[in-house]
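J.: Here you go, one structure.
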Amino acid sequence: MAKSILSTKKRGCAMSIPTPIDATVIILTKNEERHIARAVASVEEFRNILVVDSGSSDRTVDIASNSGARIVQFEWDGKYPKKKEWALEFVETDWVFYLDADEFFDSDVVEDIRRVVLDPSAVAFEVPLRYFWEGRELLHGHRVMKRIGMRRSRCYWPRPDDLGVKNMWEVEGHYQPQARSGKVVRGVNPMGHQDEDGLYDYFARHNRYSDWEAHMLHRGERVSGNSRSKLGKLAVNLPAKPLVFFVYSYLARRGFLDGKAGLNYALALSFYYWQIGMKVRELELSGETGAE
C-alpha cells in the first residue's frame, strides 16, 4: 500500500547550503537542447547527476556538461538491458531517480525526496505529473502517477517479451521498476512535464508507444498492467475504451475546465487508445501468435 506524503509548505530563504541528497538522478537524452538545462537545474541538490545520452547531434551534451552533469553515451544493441536499466552500471548510490529531459522537479518534490531517501522502510517513490499542453498547465482531467525513484538493492527493472515489437526503441516501455519488498511511497506534490518539441514529436512518440502497448496486450504480457492503477487495470479491456476514457477525462475529471487545451488533450489520449485497439486488431488479423 502506498503511503502519502503531506504537501510541503514553502519556507523562508535559508542562508546555509542544504546537504546534498544521497541519491543519483539519471536524465535520459537525445537531442534535448531545449529542455536539458532546466532538468539539470531542478536536481542540483542531489549528490550525483548522470545524463545518459544517445548520440545527440545538437548542443545537449555541451549544455548538460556545462551545467555540472556527468555524461555517458548509450548505444542500444537491440537486447536487454535497455537504457534505464543499463544506466545503473554507472550509479554508486543505492537510491536512484529518473527524469526524462522534458521533466523537472519542483522544490516541493525535492524536499519530499529528501525525506524518502532518509526513510529506511521506503524502497520506491512515485508522484503525479504536472502536465502542460498547448502552452498552459492542465489542472484537471486525467492524471498520471509515475514511479520516479527506487532503491537499487530492493527493486528491479522487468524484462518483458517485447524485443520483437514493431518499431521497438531503446527505452523501457510504459512500465515501472518493481519492488521486491518494502514500502512504495506515494507523494502528493507533482513533478513537472513540459515538452517544447511540438505535436509532431508527440504523435510520433505515441505512435511507437501504441505499437508497444498493442504487442503487450496481444501477447498477454502483464508487466504494463502491473504498473497501472486499480482503475487503469479495470479499464484495459473495456469495450469502446477511447470513448469511455474521453468521458472519464473530459467530463468526470472535469477536463473541460481547462478550456480548449483540456478538450484537445482528452481527444489526443482517446486517439492513443483507439490506435492501440486498432493495432491489436491488426495483429489478430495477421495471425501473429498471441498469449498462449
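Here, each number is a calculation from the coordinates, and none is a lab measurement. Source: prediction; values computed, not measured. When we count neighbours, we look across all protein chains shown, and the Cβ atoms used for this are built from the backbone with ideal geometry, even at glycine.
J.: Please express the Cα-Cα pair-distance distribution P(r) of the chain as a list of whole percents, one per 5 Å bin, running from 0 to the bin with the greatest distance.
T.: It works out to 1, 5, 11, 15, 18, 18, 15, 11, 5, 2, 1, 0, 0, 0, in whole percents.
J.: Moving on to the next point. Count charges around residue 249 for me, please; just the other residues with Cβ under 14 Å from its Cβ, Lys/Arg as +1, Asp/Glu as -1.
T.: My count for the surroundings of residue 249 gives +3.
J.: Ranked highest first by average number of other Cβ atoms within 10 Å, how do 211-221, 127-137 line up?
T.: 211-221, 127-137
J.: Among 158-164, 93-99, how do they line up from the highest to the lowest mean number of other beta-carbon atoms within 10 Å?
T.: In descending order of packing, they fall as 93-99, 158-164.
J.: Still on this model: Rounded to the nearest 500, what is the chain's calculated 222 nm mean residue ellipticity when only DSSP H runs of at least 4 contribute -39500 (n - 2.57) each, over all residues?
T.: Calculated at 222 nm, the ellipticity per residue is -9500 deg cm²/dmol.
J.: Rounded, prolate or oblate for segment 8-165? Axes are the square roots of the Cα gyration tensor eigenvalues, ordered a ≥ b ≥ c, and the cut-off for rounded is a/c under 1.5.
T.: Since a/c stays below 1.5, the shape of segment 8-165 is classed as rounded.
J.: Which angle between 0 and 90 degrees, to the nearest 10, do you get for helix 199-219 versus the longest principal axis of the chain when only C-alpha atoms count?
T.: 60
J.: Still on this structure, I have one more. Of the beta bridges DSSP finds with both residues in the chain, what % are antiparallel, to the nearest 5?
T.: If I count the DSSP bridges inside the chain, around 40 percent turn out antiparallel.
J.: Turning to a different aspect of this structure: Run through the DSSP bridge list for segment 82-189 and note the antiparallel percent, rounded to the nearest 5.
T.: So the antiparallel bridges in segment 82-189 amount to around 75 percent.
J.: As a quick test, which of the pairs 82/241; 183/260; 146/279 have an alpha carbon distance above 32 angstrom in this structure?
T.: Over 32 Å apart, Cα to Cα: 183/260.
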